1. Return yes when H7 is modelled with pLDDT under 95, within 24 Å of R216 (Cα to Cα) and either away from the ligand (no atom under 16 Å from the Cβ) or over 17 Å from the mean Cα position of the chain (by Cα) (or both) and no when it is not.
2. Six or more apart or on different chains, Cβ under 8 Å: which pairs go from a residue in segment 59-85 that's of a type in the set (S, T, Y) to one that's in a strand (DSSP E or B)? Could you list them?
3. What tally of residues in segment 85-134 results from selecting those that are under 24 Å from L57 (Cβ atoms) and among the charged types (D, E, K, R)?
4. Return the residue satisfying two criteria in turn: it lies in segment 33-48 and is touching a helix residue (DSSP H, G or I) at 6+ places or on another chain (Cβ under 9 Å) and outside any loop (DSSP other than H, G, I, E, B), and of such residues it is farthest from T196 (Cα to Cα).
5. Give me the pairs, please: first residue somewhere in segment 5-25 and at positive phi, second residue anywhere and within 16 Å of the ligand (Cβ to nearest atom) and open to solvent by less than 20 Å² (accessible area, probe 1.4 Å), beta-carbon distance under 8 Å, and either six or more positions apart or on two chains.
6. Taking the condition of being open to solvent by 50 Å² or more (accessible area, probe 1.4 Å) and within 16 Å of the ligand (Cβ to nearest atom), how many residues in segment 28-50 meet it?
7. Quick test of your reading of the structure: K53 fulfils all but one of (1) more than 14 Å from the ligand (Cβ to nearest atom); (2) modelled with pLDDT of 95 or more; (3) among the charged types (D, E, K, R); (4) not in a strand (DSSP E or B). Name the failing condition by number.
8. Would you tally the residues in segment 153-184 being open to solvent by 20 Å² or more (accessible area, probe 1.4 Å) and in contact with a Leu (Cβ under 8 Å, 6 or more places away or on another chain)?
Amino acid sequence: MVYDPKHMIRFEEVGFRYGNGPEVLRDVDLDLAPGSFHWLTGASGAGKSTLLKLLHLADHPTRGRVEAFGEDLSELKRRHLPKLRRQIGMVFQDFRLLDHLTVFDNVALPLRLARVRDSSLRKDVGEMLDWVGLADVAGADPRTLSGGQQQRVAIARAVVARPLLLLADEPTGSVDEATGTRILRLFQELHRLGTTVLVATHNELLIERFPHPVLRLEDGQLGLVRA
Ligand SMILES: Nc1ncnc2c1ncn2[C@@H]1O[C@H](COP(=O)(O)OP(=O)(O)OP(=O)(O)O)[C@@H](O)[C@H]1O
């Protein structure tokens, strides 16, 4: 399958509820243009993580249509989903690093899943750790690192396989302002290289400093509050 990068992710009238609970997302329309950078905001509990979960193709909508890289999710064969999801890098709010693996092996994980050869895997992971400034802790247990360092491991892991789309859930939530700015500069660099980026955050300071369009979730509905 070769994906057409002209089509990133498209939502049409998407609704989502957990079990029999109320609808958390309602009539969400979204067309993420390739090469775009969006902020995603909204009060706590507004549904940002839920929207990211659907964008990450980790769950199906309760209603509506999701199209990813030109493929309709409801028509996609289950065995094709992992390959599609490999086009998407995700930085989770709580990092989700694997404690039993070193920093190097955490970052290498997506390449191992994609069966990348050992020699090019070592090169790619090495370059990625250099890029996030963590080459000197490659052999460390991630639990021994600071929050900001762990976040950079999570970012390296999310982008090592060169995804078309990068999603990040509150990536500066547990780091100081200087580290937050550093993380944003990494995202900016990826964006300049052509990656489509969407970052959920409460950090008004960063939203002001990096003037990308702002999407806002309110009452389960998505709107553009800054173009
Ligand atoms: N696994 C779940 N089961 C049931 N309800 C859930 C689940 N996850 C989230 N919710 C509910 O869905 C709503 C949206 O939650 P979500 O985590 O998407 O919001 P958020 O905007 O990311 O919040 P925050 O900014 O605090 O991270 C909330 O009412 C939450 O309680």
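1. On the way: modelled with pLDDT under 95: yes; within 24 Å of R216 (Cα to Cα): yes; either away from the ligand (no atom under 16 Å from the Cβ) or over 17 Å from the mean Cα position of the chain (by Cα) (or both): yes.
For H7, the condition - modelled with pLDDT under 95, within 24 Å of R216 (Cα to Cα) and either away from the ligand (no atom under 16 Å from the Cβ) or over 17 Å from the mean Cα position of the chain (by Cα) (or both) - is met.
2. Every condition considered, the pairs that remain are T62/G15; T62/F16; T62/R17; T62/E23; S74/R65; S74/V66.
3. Of the residues in segment 85-134, 7 are under 24 Å from L57 (Cβ atoms) and among the charged types (D, E, K, R).
4. This residue is T41.
5. E13/V28
6. Count: 4.
7. Single failed check for K53: (1).
8. Residues of segment 153-184 that are open to solvent by 20 Å² or more (accessible area, probe 1.4 Å), as a first pass: 157, 161-162, 164, 170, 173-179, 182.
Next, only the ones that are in contact with a Leu (Cβ under 8 Å, 6 or more places away or on another chain) stay: 157, 161, 177.
The number of residues fulfilling the criteria is 3.
The values are calculated or read from the model by the stated rules, or taken from the named source; none is laboratory data. None of these values were measured; they are calculated from a predicted model. Note that each Cβ is placed from the backbone with ideal geometry, even for glycine, and that neighbours are counted across all protein chains shown. What goes into the accessible areas is simple: the full protein's heavy atoms, side chains included, and nothing from ligands, DNA or RNA. Shrake-Rupley method; radii C 1.70, N 1.55, O 1.52, S 1.80 Å.
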